[in-house]
Amino acid sequence: MEGKKLRQLFLDYFKEKGHRMVRSSSLVPANDPTLLFANAGMNQFKEVFLGAEKREYTRATSAQKCVRAGGKHNDLDNVGKTARHHTFFEMLGNFSFGDYFKEEAIQYAWEFITEVLRIDRNRLYVSVFRDDDEAFEIWNKKMQLPADRIFRFGEKDNFWQMGDVGPCGPCSEIFYDHGEEYGCGKPDCTVGCECDRYVEIWNLVFMQFNRDTEGNMTPLPSPSIDTGMGLERLAAVMQGVNNNYDTDLFQNIIRDIEKKSGHRYGVDVKVDTAMRVLADHMRATVFLITDGVVPSNEGRGYVLRRIMRRAIRYGKKLNLPMPALYRFVGTVTDEMGGAYPELVENRKTVEKLVQIEEEQFDTTLEAGLKMLNRMIEKSDGKLDAENAFRLYDTFGFPIDLVEDVCLEKQVEVDRTGFEERLEQQRREGKARSRTRMTENPAESYRFLHDFPETEFTGYESQVEQGKVLAIIRNGEPVKQLSAGETGEILVDKTPFYVESGGQVNDTGTLESNGTKGVVKTLFMPIKGRRLHIVYLAEGSLKTGDKVTLTLDFERRNAIARNHTATHLLHSALRLVLGDHVKQAGSLVEPDKLRFDFSHFKKVSEQELAEIEQIVNRKVLENLPVETEVKGIDEARKMGAMALFGEKYGDRVRVVQIPGYSIELCGGTHVSRTGDIGSFVIVSEHSAASGIRRIEARTGLGALGYWGSFREEHRELKRVLKTGEDDLPQFVARKLDEIRQLRQELEKARLSGGVSESTEIKLTDGITLLLQEAPGLAPGLMRGKADNLKQNRSRTIVFLLTVTDDGCSYLLSSTKDLEGHFHSGNALRAVAPLLEGRGGGNPTMAQGGGKWTGKLADIANSIVEKLKNEVS
């Protein structure tokens, strides 16, 4: 059965069992600092498991995009070398949020495997947590699985957690026996053995606890279910193969690699490994870039860069002409685009970004190889661990590449020391991850779950009457806030926008019966609960008080102008540069806007002018800005563009400028484009590989920008002492005059300057011309010497220019002296007199020194030196 049919069969089965079919979330986790990438199906439901978020359904099923290539779950180094390790994979899952628990979860799994897929029961085994008697009894009594096919394991194998902190609980795993021929041959080979015989295909997690940063576990509000089954492993079982890479999910990609490389899969182990690495890493690359990750030197971008560079390395092993990876983007898209249409939408962007990264790495690889060769030259037969790690960390050199090059030159690599250094980096990275996790504020604000979500009224109103539900000061809930104190205030409804989607927080005031406070900013530690950071200037504030919340109108309106302008800009960029342009991030502040977008070269001045003109034309047209809430699928069908990596719910807000722009957006906007006033692009530059950044201003900010130019124009007129308005033409004319004066000055210097040459009879028939040439640049000396030699024979010219810092000199001879006089050798003999060095060819030589005296003082010495050089 094909992988895509298995995926759909799983989703359909659970849909029939009352589960909501939920789209895969982005690989970039939304609002979760504890995760580098989505690595399990439950990631997008984490807040639901914690009780911090409510959904309109209590059962869900999904096919989740996952990446394990960094942090706690890191499979990168094993990919290609084993049958089942991947960087990218799909996790099929079913979930219960306080609905059904162990018995139903086990029953669904057993029914799907044995009755829907009809997998042989005699090949199935299960494991349970050592203390989970309830799960053991369900398998044994209800599912009628013999006790000798049920294994009890400890926390390492049968207690699941998403990360060091978060939801967790005991689990039960289902194993498939591929057969004795795939075993290790040991007498004690059974479930849990590391060999390829018994393979876990489905993990049923009974989510009961939440683990905090101290390791403490507290019961979740409602026991829940989280299951995960790797599509790749299931496909291997259903297609009768033991290796995931032999399934159709990979084989179509591998066949294309065969075609482009000229190698055959299944003939040579090293070739097979290279093809598996390339197939796996291309899937990860295409999905990560589609979800908004771009190659960089930090965070997620660094992990992507490592994946891509490892793929490039193995591509070179297959003798693929570089750049080659980008040619496989279409193959991955064809294979996976049916289930993930975003791949099709972003294909061209992904291809170009991959190609750019390949070309950049080719340059880096060349520089790294030069560094490696220098290290080898100084190595005394062994490359130390620190140098090997430096190449790995700085240039992305896999250790096997370093070893290959060293082997060719009979140099040993300290592999053990390298592995220790690598492990040290992993420990440090894990420590940093823990630090980030402790910074996650959700834990200390858990009590806010007891309050309803804050109603946001800021789309319609800039003033709102609210009720104080909670006050927090110094991290602790309090009943009252007094004058001079700053606290965090939760109200039942507010017009204040909390930072999201690139738009910054609102600011304003809070007032109540003689109490006056300043709302400095906001944040949302728990989904839906907006905390206002308030400095109380007068009076006191208590829980239960009625308050009036008032926005800073002018600031909010400036933000709205800039936000709507980003939508106008986005569409203008696509019109001028092409449909490959996608928003990759933004910052909307009151005084400026910043917009990041996918594009692969600098935007020209002409293109920027056209983009700016399009936006201003739409501003002048005073088009309506319409907003409405739609279902996510309906919004996408309308053509609404979404932000890379942004998390969207089932219902989304659509912002539309009819006939021109339509986007998913939760920000605040003007009611008509004319409210923007004016728009000006301030700068355009690179933000990352394949990502450009435009900074712009609107309204009064744009007027201020142009006003500064007007002031500069006036100041230039004053400095240049001109009344002309056309300054470029005036400056160009003055520059021409300066150039003409310089040319006349140089001609004067070349024709003789302020000193005459001294003519000396060096030997019979050979004349020496000595001349000091004040102010003559070294680059003009040659022309001066040629002028002096003109129409002369058997002549030697010596020129000297002296400045406060030293001197430049030149020695030149006519061609008829070749064989009798060598200017280069002669200058080397003269140079010490001038405290310098020099050299050249037989007819022309130049040099420089520290001497600052006069030519007349050493003329006799120069003559004597030159006489000795004549033969």
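The values are calculated or read from the model by the stated rules, or taken from the named source; none is laboratory data. Source: prediction; values computed, not measured. Glycine also receives a Cβ, built like all others from the backbone with ideal geometry; neighbour counts cover every protein chain displayed. Surface areas here come from the heavy atoms of the whole protein model, side chains and all, with no ligands, DNA or RNA. Shrake-Rupley method; radii C 1.70, N 1.55, O 1.52, S 1.80 Å.
Dividing the alpha-carbon Rg of region 575-708 by 2.2 N^0.38 Å yields what?
Scaled against compact globular proteins, the figure is 1.08.
Taking the longest Cα principal axis of the chain as reference, the axis of helix 248-261 is set at about 20 degrees.
Projecting the Cα atoms of L623, L117, Q410 onto the charge dipole of the chain, computed from C-beta unit charges around the Cα centre, puts L623 farthest toward the positive end. Our coupling estimate for region 673-685, obtained by passing each phi through the Karplus curve with A = 6.51, B = -1.76, C = 1.60 and θ = phi - 60°, is 4, x, 5, 5, x, 7, 9, 9, 7, 8, 7, 9, 7 Hz, Gly and Pro reported as x. Taking the DSSP bridge list for region 577-703 and keeping only pairs wholly inside it, about 95 percent are antiparallel. Using a cutoff of 8 angstrom between alpha carbon atoms and counting only pairs six or more residues apart, the relative contact order for the chain works out to 7 percent.
Overall, the accessible surface of the chain at a probe of 1.4 angstrom is composed of carbon and sulfur to the extent of 46 percent. Placing unit charges on each Cβ (+1 for Lys and Arg, -1 for Asp and Glu) gives the chain a dipole about its Cα centre, and among A584, W160, A274 the Cα reaching farthest toward its positive end belongs to A584.
Two decimals, Cα atoms only, Kirkwood Rh: what is Rg/Rh over region 274-413? The partial results should precede the final answer.
On the way: Rg = 16.5 Å, Rh = 15.9 Å.
On the Cα set of region 274-413, Rg over Rh gives 1.04.
Cross-link reach is defined here as a Cα-Cα straight distance under 30 Å, omitting same-chain residues fewer than 8 places apart; for K734 the lysines meeting it are K717, K721, K747, K784. Relative to the Cα centre, the charge distribution of the chain, modelled as +1 at Lys and Arg Cβ and -1 at Asp and Glu Cβ, gives a dipole magnitude of about 1660 debye. Sorted from longest to shortest, the spans of the Cα atoms of the chain along the three principal axes equal 123, 82, 50 Å. Over the residues of the chain, the helix contribution to mean residue ellipticity at 222 nm works out to -11500 deg cm²/dmol, using -39500 (n - 2.57) for each DSSP H run of at least 4.
For the chain, the antiparallel share of DSSP beta bridges with both residues in that region comes to about 90%.
Computed on the Cα atoms alone, the convex hull of region 73-198 gives a volume of 147 cubic angstrom per residue. Computed from Cα atoms, the angle from the helix 3-16 axis to the main principal axis of the chain rounds to 40 degrees. The listed residues K17, K850 rank as K850, K17 when sorted by accessible area, largest first, using a 1.4 Å probe. Between I533 and residues 5 or more places away or on another chain, which pairs have amide H atoms under 5 Å apart, with H built 1.01 Å from N, and which residues are they? So I533 has HN proximity to I489, K520, T521, L522, F523.
Computed with a 1.4 Å probe on the full set of protein chains, the accessible area for V863 sits at about 10 Å². Placing pseudo-labels 7 Å out from each Cα toward the beta carbon at V478 and L720 gives an inter-label distance of 6.2 nm.
Backbone phi angles across region 503-519, fed through the Karplus curve with coefficients 6.51, -1.76 and 1.60 (θ = phi - 60°), yield HN-Hα couplings of 8, 6, 5, 7, 10, x, 10, 10, 9, 6, 6, x, 9, 10, x, 10, 7 Hz in residue order; Gly and Pro are listed as x.
Taking 25 °C and 0.890 mPa s as the conditions, I'd like the Stokes-Einstein D for region 123-256 in µm²/s, using the Kirkwood hydrodynamic radius from alpha carbon pairs.
Working: Rh = 16.4 Å.
This corresponds to a translational diffusion coefficient of 149 µm²/s.
Note down the magnitude of the dipole of region 635-740 about its Cα centre, charges +1 on Lys and Arg C-beta and -1 on Asp and Glu C-beta and zero elsewhere, to the nearest 20 debye. Don't skip to the answer; put the middle values down first.
Numbers: 17 positive and 14 negative charges, 59 e Å.
Here the size comes out at about 280 debye.
Partners of K467 within straight-line reach, counting lysines whose Cα lies under 25 Å from its Cα and excluding those fewer than 8 residues away in the same chain: K54, K479, K493, K516, K520, K527, K542, K546.
Taken per residue, the accessible surface of region 104-184 reaches 46 Å², heavy atoms only and a 1.4 Å probe. Tell me the angle of helix 727-750 to the major Cα principal axis of the chain, expressed in degrees between 0 and 90 and rounded to the nearest ten. That works out to roughly 40 degrees. Shown for region 307-414: lysine pairs separated by 8 or more places, or found on different chains, whose C-alpha atoms are under 29 Å apart, numbering 18. A compact globular protein would have a Cα radius of gyration near 2.2 N^0.38 Å; the ratio found for region 333-410 is 1.58. Straight-line cross-link reach from K65 at under 16 Å between alpha-carbon atoms covers these lysines, not counting any fewer than eight positions away in the same chain: K4, K46, K647. Separation of the alpha carbons by more than 21 angstrom is noted, of K17/K102; K15/K141; K592/K637, for K15/K141; K592/K637. Along its first, second and third principal axes, ordered by size, region 440-593 spans 57, 33, 24 Å in Cα coordinates.
A P(r) calculated from all alpha carbon pairs of region 505-617, with 10 Å bins opening at zero, reads 12, 31, 23, 17, 12, 5 percent. Modelled spin labels at K520 and E453, positioned 7 Å past Cα toward Cβ, are 2.9 nm from each other. Converting the Cα gyration tensor eigenvalues of region 188-290 into ellipsoid dimensions via √(5λ) gives semi-axes, longest first, of 36, 19, 13 Å.
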